[in-house]
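K.L.:
Take this structure first; my questions come after.
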Amino acid sequence: MLAKRYTGKKLVDNIFTTSKKAKQAIKKYGKENVINATIGSLYDEDEKFAIYNVVEKVYRNLPSEDLYAYSTNVIGEDDYLDEVIKALFFDDYKEELKDLLYIASVATTGGTGAISNTIKNYMDTEDKVLLPNWMWGTYKNIVIENGGKIETYQLFDENGNFNFEDFRSKVLELAKTQKNVVLILNEPSHNPTGFRMTYEEWVNLMAFFKSIKDTNLIVIRDVAYFEYDDRSEEETKSLRKLLIGLPKNVLFMYAFSLSKSLSIYGMRIGAQIAVSSSEEVIQEFKDAISFSCRTTWSNVPKGGMKLFETIMKNPELKTEFLKEKQAYIDLLKERADIFLNEAKEVNLDILPYKSGFFVTIPIGETVDKVIEDLESQNIFVIKFDKGIRIGICSVPKRKIVGLAKKIKEAIEKSK
């Protein structure tokens, strides 16, 4: 009975499946006897979901109309749309980029909505979308959902740096046969590895983008976790300047997520932020994306948008929020340092980590045996291709101690 384009599609999500097994183990053996590294949300040291005090305070005091009414615009509240751009490009973006770039934003149902909206509108049916080989699996589902195919580039070279040569060759190959080449760069705080590109790598990459002449490039930057990265403001503003001089055929699309920014996962609030040197391209974006928003989710919850804009526009509330957030950034670093240092001690290979919620261990063909061994010890991790992802975002420091050694032993046993 399904339409032909949907026949055979079935969601297989090992994250929720494995997380359920971990919860069952906790119920049976007790929380202290289980390491649940499957969770991709921020948790405190008591293994409780992280809730920002200022977020809770502001949300509880929003006017009822802001919580229950429709948004005043299909594409989102005006102040919200401005504040998400400021969150990415800082308060001075209008002055610094005036007459150099055109920027527009649209509210979406989380970062997922932003990515889905972009692929839906810029990928032609049967085209290939270029994805990193280490990736959040939902990227693939979104491409397939919209009638596309998948091509992957090797994220890392032999030295653990961004594999520019493989990326470049894949883009050029697709450009031979496609009018539009849609690609995803998940950076900083890459999911699942915690990878971050250097400024020099970005300079090289942007020079390549600007050299493309006869093909449209739609560069999706998934920045869902960027607010938990420790890249300096100075470097971030330097990266912003690299956008200047983009040719008309290169469109940057940022996928922004309030799930991570404010730890409000269930509200499903995000944004699509388009950057181009062409006013015409940005107007086309506004027209097409608003149409898709209306026909897909109508509009996103007004309360979540009002929550964000209220905090960001009030200096005292913003300062309070940034102070709370810094404490969680520091906590993530402490957890990561424990794991990385112990991994080094036991010679456990990990993929390049700089910041963020996750650390990934490449394993190879025996990955299923390793996972089975770990689960027998009540250690639950997420399988990513031929590796395993550790959610340091949700595992307390006391449980991270010794974890690298247990993983190393499981790997050795599986050989």
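K.L.:
How large is log10 of I(q)/I(0) for segment 360-415 at q = 0.22 Å⁻¹ when the intensity is taken from the Debye formula with one equal scatterer per alpha-carbon?
P.N.:
Each listed q corresponds, in turn, to -0.81.
K.L.:
What is the distance in Å between the Cα centroid of segment 346-411 and that of segment 193-223?
P.N.:
Between the Cα centre of segment 346-411 and that of segment 193-223, the gap is 30 Å.
K.L.:
What dipole magnitude, in Debye to the nearest 20, does the chain give about its Cα centre under +1 on Lys/Arg Cβ and -1 on Asp/Glu Cβ?
P.N.:
Magnitude of the dipole: close to 1440 debye.
K.L.:
Which residues does the label zone of Thr236 cover in segment 265-292, counting backbone N under 20 Å from a point 7 Å along Cα→Cβ?
P.N.:
Within reach of a label on Thr236: 265, 269-276.
K.L.:
Just to be sure I understand the model, the point goes 7 Å from the Cα along the line to the Cβ. What's the resulting Gln326 to Thr296 distance in nm?
P.N.:
According to this spin-label approximation, the distance is 3.6 nm.
K.L.:
What FRET efficiency comes out for Thr198 versus Glu372 if R0 is 60 angstrom and r is the Cβ-Cβ distance? Round to the nearest 0.05.
P.N.:
Rounded to the nearest 0.05, the efficiency is 0.95.
K.L.:
So what is the 222 nm mean residue ellipticity for the chain from helices alone, if each DSSP H run of at least 4 adds -39500 (n - 2.57) and you divide by all residues, rounding to the nearest 500 deg cm²/dmol?
P.N.:
-14000 deg cm²/dmol
K.L.:
Here's a follow-up. Can you tell me what share of the DSSP beta bridges in the chain is antiparallel? A percent to the nearest 5 is fine.
P.N.:
50
K.L.:
Calculate how large, on average over all directions, the projected area of the Cα convex hull of segment 207-331 is; give the answer in nm² to one decimal.
P.N.:
Computing the convex hull of the Cα atoms and averaging its projections yields 9.4 nm².
K.L.:
Can you tell me the order of 335-346, 105-116 when each peptide is scored by its average per-residue count of other Cβ atoms within 10 angstrom, highest first?
P.N.:
105-116, 335-346
K.L.:
With the cut-off at 1.5 for a/c, could you classify segment 227-277 from its C-alpha gyration tensor as rounded, prolate or oblate?
P.N.:
Note, shape of segment 227-277 comes out oblate.
K.L.:
Give the long-range amide H neighbours of Ile388: residues separated by 5 or more places, or on another chain, with amide H under 5 Å away, using H modelled in the peptide plane at 1.01 Å from N.
P.N.:
Here Ile361, Ile363 satisfy the definition.
K.L.:
If you don't mind, there's one more thing I want to ask. Out of the GluC sites (Glu not before Pro) in segment 144-201, which ones are loop residues according to DSSP with at most 12 other C-beta atoms within 10 Å?
P.N.:
Glu158
K.L.:
In Å³ and rounded to a whole number, note down the convex hull volume per residue for the Cα atoms of segment 1-71.
P.N.:
With only Cα atoms used, segment 1-71 gives 205 Å³ per residue.
K.L.:
To the nearest 0.05, how large is the calculated FRET efficiency for Asp287 and Asp44 if R₀ is 56 Å and r is the Cβ-Cβ distance?
P.N.:
According to the calculation, E is roughly 0.80.
K.L.:
Using a Förster distance of 25 Å, how high is the FRET efficiency between Lys386 and Glu173, based on the Cβ-Cβ distance and rounded to 0.05?
P.N.:
According to the calculation, E is roughly 0.55.
K.L.:
Would you kindly calculate the translational diffusion coefficient of segment 24-119, applying Stokes-Einstein with the Kirkwood radius from alpha carbon pairs, for 37 °C and a viscosity of 0.692 mPa s, and quote it in µm² s⁻¹ without decimals?
P.N.:
186
K.L.:
Now, a different point. Can you give me the C-alpha center-to-center distance between segment 1-71 and segment 105-140, rounded to a whole angstrom?
P.N.:
21
K.L.:
Assuming 1.567 mPa s and 4 °C, estimate D for segment 210-253 with Stokes-Einstein, Rh taken as the Kirkwood radius over Cα pairs, in µm²/s.
P.N.:
My calculation gives 107 µm²/s for D.
K.L.:
To continue, here is another question. Extent of segment 313-415 along each principal axis, from alpha carbon coordinates, in Å, largest to smallest?
P.N.:
56, 25, 25
Each value in this text was obtained by applying a stated rule to the coordinates, not by laboratory testing. Because the structure is a prediction, the values reported are computed rather than measured. Backbone-built Cβ (ideal geometry, glycine too); neighbour counts: all protein chains shown.
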